[in-house]
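Readers should treat all values here as calculations from the given coordinates under stated rules, not as data from a laboratory. What you are looking at is a predicted structure, and each value in this text was computed from that prediction instead of being measured. Glycine also receives a Cβ, built like all others from the backbone with ideal geometry; neighbour counts cover every protein chain displayed.
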Amino acid sequence: MEAVPVDEDGTTPGERALQATIALDGDCTVIAQARHLAADFLTRVQADHGLPVSQRAMDLTQLVVSELVTNARKYAPGPVLLDLRIAKDTVEVVVWDSDPVLPIARAADAGRVGQHGLEIVMAVCQGFEAQREPVGKRITARIALLDDPGGAVAGHRPL
């Protein structure tokens with residue numbers, strides 16, 4: 001058996017291929033850039049590694065990336081880091097920004113115009129986590145790569 005090299009961060013070359021990271025800084029075009037990165041990443045995962053990715057997962061990943069990057073650009077000064085990675089049967093969307101204030105989902109209000117992004121993200125994800133970092137915060141959303149064969153509503157497992 002041949003030894004597989006491991007980097008300082010504990011990843012192997014194959015695992016690094018299942019990850020993409022980009023620093024986003026500049027005008028509002030970074031939101032579109034982030035969506036394109038997400039679509040390109042999942043397309044590469046399918047083509048290069050043979051991992052199945054449903055069209056729903058592709059669409060939801062782009063939606064989540066768009067919402068999280070939009071919030072980071074709107075509320076935090078400075079750059080935004082976007083990290084996409086495959087973890088088992090999910091794609092993890094990780095967004096770091098410099099603002100230490102953790103987001104809070106607001107109560108549903110059909111009359112409210114805007115500010116529904118976090119509600120949307122939490123509704124379509126398999127997992128959501130927000131944590132403070134030494135500088136800023138890191139938001140992680142997990143999206144299933146395949147559609148739920150049990151027909152569960154998006155983001156919710158049957159009881």
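Brief remarks on what is shown
- The range 76-122 - convex hull of alpha carbons, volume per residue in Å³: 107 Å³
- Local electrostatic count at G117 - Lys and Arg +1, Asp and Glu -1, tallied over other residues with Cβ under 11 Å: 0
- Here's the picture: charge each Lys and Arg Cβ at +1 and each Asp and Glu Cβ at -1 in the range 27-159, and of A72, P52, A34 the one pushed furthest to the positive end of that dipole is A72.
- Net +/- balance of residues flanking F41 in space, Cβ distance below 12 Å, scoring K and R +1, D and E -1: -1
- Highest mean first, the peptides 121-130, 47-56, 90-99 sorted by other C-beta atoms within 10 Å per residue fall in the order 90-99, 121-130, 47-56.
- In this simple spin-label approximation, R44 and D59 carry label points 7 Å from Cα along the Cα→Cβ vector, and these lie 2.5 nm apart.
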